[in-house]
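**Student:** Mind having a look at this structure? Questions to follow.
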Amino acid sequence: MRRLSFGLSRQLWVIEAGVFLNMLGYGAVFPFEIIYLHEARGFSLGVAGLVVGLVSGVAIFVAPVAGAVIDRVGARTTAVGAGLALAGGYGSLAFTTTAPTAFAAAALAGVGNGGLNPSQSALMAALAPRELRQRASAVSRVAVNVGIGLGAAIGGVVASFGLNGFILLFLANAVTYLFYLAILVTAVRDEVRPEPIAGGYRQVIRDRALLRFALINVAMIAVGWGVLAWIVPPYAREIGIGPSLIGLLLLANAAAVVLAQLPIVKAAEGRSRVGALSLGASTWVVACLLAVLAQAVSPELAFACLVAAAVAFAVGECLHATAFMPLIADLAPLALRGRYMATAGLSWWLGLALAPTLGGQLLAVSPSLALIGGAALAGLAIILLRAFEPALPVNVRSIPRPDARSIASGQDRIGGKPQHGTTLPAIDPLP
């Protein structure tokens, strides 16, 4: 069981199970949000798109506030509040019939989105010893992909029942957030927090390494996640790929993450974090170019090129998950961890907003131009990463390689006292 645990504690595995549950519910909803609002509730496509976009838009503004709240009241407490907002928002969307109520529900869900991601990251950073954070991040990435993949498959079946099916999906998504809150309340006691550091975000802004890293991450997220989500599907349609095959591309990406993530994180331990991120960005360059190649070959080979591109995107995602959040946690002073995680989360939201906004304009000019732009942006990220590495403290440049002692510390820690000199939250034993 110790070998199967990947070195992580029982409490952290319970949190990862909660992440999977959240993504299972969200995966069942997110492909059908606009369809539900347009076809089942009668909203125009423009209004439906604005409602769905508001969930991410509000999160951009809430994330910095959430960081300060995490540092003051704790990650677990903040996550509980964010989960309640998400449950309320998606539960309300199940019954919305007018645009104002839909916007209000979406805004509430956006508040939850902006608070849950940084608080969840901060909580995992606190639960895992430094030497095991990359493994916790890797397992979380697997949980997200499996949850979304299974959720989307289930959601497609349930959505076929029309309005009642859509209502069931949105309510089920709300319930998964409530289950997650129950996990947090029963399995984890709120962490012991140090005295707040005077200055708050002023101290964060003074950390040039963090800000440079967050800006580079905007480019990496725009390519590594945004291109596959928003550029490849319309590009594939433009070159004659059918909707069912486009769905298989996303499935291939999720399956590749599930299969590759844990081997990649173990292989990367002891190696350069910037090297892992640069290699990940390199695979995204290859992925974009493979997609461009699909336009110049036969339809059969075109689909094969796009599948290879989806797999290459997945490998890059795995390398990014191995290095990014653990490095943010290492850079953060303990009393500012929430703000650091919120800053990192904000770079995700900005990257995800950049991809459809700029990529859509490039698609309108030429189907392949957006992909070439994605390859160029990933190449720029590699250059910036290499220039950024000397700014990092030497002791955080490498991905830690866990030894038997650190693995035992991560697995056995079930009381309230930190072990081996690490600063960890107090954890209640599981029932």
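**Student:** Roughly how far apart, in whole Å, are the Cα centres of segment 339-405 and segment 79-140?
**Tutor:** Centre-to-centre distance over Cα atoms comes out at 22 Å.
**Student:** Here is a follow-up. Let me check against my output: what whole-number percent is the relative contact order of the chain, with C-alpha pairs under 8 Å and at least 6 apart?
**Tutor:** Worked out over the chain, it gives 27 percent.
**Student:** Would you mind ranking Leu350, Leu86 by Cβ crowding within 10 Å, fewest neighbours first?
**Tutor:** Going from least to most buried by this count: Leu350, Leu86.
**Student:** Restricting attention to the alpha-carbon atoms of segment 204-400, what are Rg (one decimal) and Dmax (integer), both in Å?
**Tutor:** Every Cα atom of segment 204-400 included, Rg and Dmax give 17.0, 57 Å.
**Student:** Moving on to the next point. Would you mind computing, in nm to one decimal, how far apart the modelled labels at Val297 and Thr186 are, each placed 7 Å from Cα along Cα→Cβ?
**Tutor:** It is 5.1 nm.
**Student:** From the P(r) of the chain, could you give the percentage of C-alpha pairs in the tail past 38 Å?
**Tutor:** Summing the P(r) tail past 38 Å for the chain gives 18 percent.
**Student:** Sticking with this one: Can you tell me the Rg and the Dmax, both Å, for the Cα atoms in segment 1-193?
**Tutor:** 17.0, 53
**Student:** What is the gain in length, in nm to one decimal, between Ala17 and Phe161 on full extension, counting 0.36 nm per residue of separation less the C-alpha to C-alpha distance?
**Tutor:** 49.0 nm
**Student:** Gain in length, Val175 to Ile35, computed as 0.36 nm per residue apart minus the alpha-carbon separation, to one decimal in nm?
**Tutor:** Contour length minus Cα-Cα distance gives 48.3 nm.
**Student:** Using R₀ = 30 Å, calculate the FRET efficiency as 1/(1 + (r/R₀)^6) where r is the Cβ-Cβ separation of Phe103 and Leu215; round to 0.05.
**Tutor:** 0.45
**Student:** Assuming a ≥ b ≥ c are the square roots of the Cα gyration tensor eigenvalues, decide whether segment 1-94 counts as rounded (a/c under 1.5), prolate (otherwise, with a/b larger than b/c) or oblate.
**Tutor:** oblate
**Student:** Using label points projected 7 Å from each Cα along Cα→Cβ, tell me how many nm separate Val73 and Leu334, to one decimal.
**Tutor:** The answer from the label model is 2.3 nm.
**Student:** Applying 1/(1 + (r/R0)^6) with R0 = 41 Å to the Cβ-Cβ distance of Leu251 and Arg386, what FRET efficiency is obtained, to the nearest 0.05?
**Tutor:** Efficiency, rounded to the nearest 0.05: 0.75.
**Student:** Rounded if a/c is under 1.5, else prolate if a/b beats b/c, else oblate: with a ≥ b ≥ c from the C-alpha gyration tensor eigenvalues square-rooted, which is segment 50-94?
**Tutor:** oblate
**Student:** Please arrange Asp207, Asp71 by counting, for each residue, the other beta carbons lying within 10 Å of its beta carbon, fewest first.
**Tutor:** Lowest count first: Asp207, Asp71.
**Student:** Follow-up question, since we're still on this one. In deg cm²/dmol, rounded to 500, what helix-only [θ] at 222 nm does the chain give when every DSSP H run of at least 4 residues adds -39500 (n - 2.57) and the total is split over its residues?
**Tutor:** It lands at -25000 deg cm²/dmol.
Bear in mind that the values in this text are calculations on the coordinates, not laboratory data. The model shown is predicted, which means the values in this text are computed figures rather than measured ones. With ideal geometry, Cβ positions are generated from the backbone for all residues, glycine too; neighbour counts draw on all protein chains shown.
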